[in-house]
Amino acid sequence: MKKLLIAAFSLVAFFANAQKLDKGLLWKISGNGLKNPSYIYGTMHIVCDNTLDKNTLKALDDTKQLYLEMDMDDPSLPMKMMSGMMMKDGKTLSTMASAEDLKLIDDYLVQNTGMGIKMMDKFKPSLVGMMVMPKMVDCTIRSVEDALMNVTKEQNEETYGLESLEEQFAVFDAIPYDEQMKELIKSAKEGTAKGKAMFSKMLELYNAKDLNALMDFMNAEENKFYGDNTDVLLDKRNANWIPKIEEAAKKTPTFFGVGAAHLGGDKGVIALLRKKGYKVEAVK
């Protein structure tokens, strides 16, 4: 279930308007009264290699706690996930599309997940579509978050979350279910070949630590669904995180790990922290 959650937000974390940034995934936060620096790292939730470089390991050594988008160590996570995936008001997938399109989705899901649409009938369409994500990667799925948590555990330090599971899943209640369903139908019609090519390019840009190129790529017209919903998927969440990031960093040196797209843009975490008076610079 935890891997499903990671997959569910693997694409969300990459759609935003880009602010030109230096190349780099690791950023140092200092100034504005901080006694010691904290760090923020742009993660990717599905990767083939989640090995952390020496600068990142040093930043983890120099900090005392880890904050991810959500506390992935929460033991109540699996139980909360099931209710969070359900549509509200009794909505079902089977009442939101024609018989022809439902058959198309069913075939797509059976082929790529082993489960048909009936088993997911009450799930939010976007989350159903993202369950196919493991088929987009020709390798064993790993996540940067797992690597960060493993180091944190070895250091006997705690992992916390900038938001709750309920807050994450609420994102997909704020986007009309009908819009999500149209995107799911579109994905089923296209099949996995296009998704594989897109994800391969995204991995390439992420591994090059080129956030600007990554943003340009993901803002293509074909990704219109995500671009149209940037305010819900990214901007509001970024704004909600800033007070929590400030509070944690003022108390103790902290390592923050959030999806890479949350870093860039005029409403991204880096810009918001700079507006607050903090110095935020890429660690070379």
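The values are calculated or read from the model by the stated rules, or taken from the named source; none is laboratory data. The structure displayed is predicted, hence computed values, not measured ones. Cβ: placed from backbone, ideal geometry, glycine included. Neighbour counts: every protein chain shown.
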- prompt: In region 31-63, how many residues are under 11 Å from Val283 (Cβ atoms) and among the polar types (S, T, N, Q)?
  reply: 2
message: Tell me whether region 98-108 contains one or more residues that are buried (at least 19 other Cβ atoms within 10 Å of the Cβ), in contact (Cβ under 8 Å) with a residue 24 or more places away in the chain and farther than 14 Å from Gln180 by Cα.
response: yes
task: Give region 110-135 a look and list any residue that's in contact (Cβ under 8 Å) with a residue 40 or more places away in the chain and either within 16 Å of Met181 (Cβ to Cβ) or assigned to a loop (DSSP other than H, G, I, E, B) (or both), or say none.
output: Lys124, Pro125, Ser126, Leu127, Val128, Gly129, Met130, Met131, Val132
task: Would you mention how many residues in region 142-164 are in contact with a helix residue (DSSP H, G or I) (Cβ under 6 Å, 6 or more places away or on another chain) and either more than 16 Å from Ala260 (Cα to Cα) or at pLDDT below 95 (or both)?
output: 3
statement: Condition set over 26 Å from Ile245 (Cβ atoms) and hydroxyl-bearing (Ser, Thr, Tyr), scope region 126-181, selection nearest to the chain's Cα centre (by Cα): answer is Ser126
Flag if Tyr177 is of a type in the set (Phe, Trp, Tyr) and in contact with a Leu (Cβ under 8 Å, 6 or more places away or on another chain): no
- prompt: Quick one: how many residues across region 46-63 are touching a residue at least 40 places away in the same chain (Cβ under 8 Å) and either surrounded by fewer than 18 Cβ atoms within 10 Å (Cβ to Cβ) or closer than 12 Å to Met149 by Cα (or both)?
  reply: 10
- line: Those residues of region 83-94 that are modelled with pLDDT of 95 or more, of a type in the set (A, V, I, L, M) and in a helix (DSSP H, G or I) come to a total of 1
- request: Assess whether Asp138 counts as being surrounded by fewer than 19 Cβ atoms within 10 Å (Cβ to Cβ), farther than 30 Å from Asn207 by Cβ and in contact (Cβ under 8 Å) with a residue 40 or more places away in the chain.
  value: no
query: Which of (1) closer than 20 Å to Val137 by Cβ; (2) at pLDDT below 90 does Ser187 not meet, given it meets every other one?
result: (2)
statement: By residue number, the members of region 30-82 that are more than 21 Å from the chain's Cα centre (by Cα) and assigned to a loop (DSSP other than H, G, I, E, B) are Gly31, Asn32, Gly33, Leu34, Lys35, Asn36, Pro37, Thr63, Lys64
- prompt: Which residue out of Lys284, Lys201, Lys251, Lys236 is surrounded by fewer than 22 Cβ atoms within 10 Å (Cβ to Cβ), at pLDDT below 90 and farther than 17 Å from His45 by Cβ?
  reply: Lys284
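Any idea which of Ala249, Ala208, Ala174, Ala239 is without any contact (Cβ under 8 Å) to a residue 40 or more places away in the chain and aliphatic (A, V, I, L, M)?
Only one candidate qualifies: Ala239.
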